[in-house]
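Visitor: Before anything else, here's the structure in question.
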Amino acid sequence: MKIGVDTNVLVYAVGFDSEDKQSTAIELLTRLDPQTVLVPVFVLAELHYVISRKLRDKRLASKLLRVQASAFDVIGSTALSLSKALDLVDQHDLQIFDAIILAECTRAGCRILLTEDGQHGFEKDGCTLIDPFKTPMHPLLAEALTSSAAARSDQETDP
C-alpha cells in the first residue's frame, strides 16, 4: 500500500513545534516500509521553506531536506496534478496547496495521505486523508503498519 506524507508530518519529524507529535511522526515513519512511502516534491519545497525560516539558515535547511528526500521516494508535480488540484479546490473547497499534494498522491496511487490538513477520513480517488496524530488510529493506517511489519519480517527471514 502506497502512503503519501504531507509537510506537517515531516515538520514534526524534524523536530519543530511539538515533542509529542515528533515522537509519533518518527515512530510512524520508521515503522512504515520506506518503499511504500511517497513524498511529493511540493511537500519537500514546503519543508525547506519551514526549516529555513525556523533555523534562519537556508544551507542547513537544504542539508536537512536532502536527508529527508533520500529516505523516501519523491513524486513530482505535473500539469495533470495541477489540473486535478484545481478540480479539488472547486469541488471540495480545499486550499490549493493541500489540493496539489492530494492530487500528486492520487496520481501516484497512494491509498493514504498522512496529514493534519483536511477532513480526517476524507477519501478521493482511492486516497484517504488520515491524521496520524488522532486517536484511535484510523483502521487503514493500522493496516498499513501491520503490512509493513509483515514485509519487514519476511525480509529478515529471507536468506
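The values are calculated or read from the model by the stated rules, or taken from the named source; none is laboratory data. Treat the numbers as computed from the prediction; the structure is a model and nothing was measured. Here the Cβ positions follow ideal geometry from the backbone for every residue, glycine too, while neighbour counts run over all protein chains shown. When the accessible area is computed, the model is the full protein with side chains, heavy atoms only, and any ligands, DNA or RNA have been set aside. Shrake-Rupley method; radii C 1.70, N 1.55, O 1.52, S 1.80 Å.
Visitor: Please verify whether Lys2 is touching a Cys at 6+ places or on another chain (Cβ under 9 Å) and either open to solvent by 30 Å² or more (accessible area, probe 1.4 Å) or free of Cβ contacts under 8 Å to residues at least 60 places away in the same chain (or both), treating the condition exactly as stated. Can you show your working first?
Guide: Values: touching a Cys at 6+ places or on another chain (Cβ under 9 Å): yes; either open to solvent by 30 Å² or more (accessible area, probe 1.4 Å) or free of Cβ contacts under 8 Å to residues at least 60 places away in the same chain (or both): yes.
Judged against the criteria, Lys2 is a match.
Visitor: Right, something else. Which of the residues that make up the stretch 30-45 are open to solvent by less than 20 Å² (accessible area, probe 1.4 Å) and hydrophobic (A, V, I, L, M, F, W, C)?
Guide: Hits for the stretch 30-45 are Leu32, Val37, Leu38, Val39, Val43, Leu44.
Visitor: In the stretch 16-53, what residues are among the charged types (D, E, K, R) and either part of a loop (DSSP other than H, G, I, E, B) or closer than 18 Å to Lys2 by Cα (or both)?
Guide: Within the stretch 16-53, Asp17, Glu27, Arg31, Asp33 meet the criteria.
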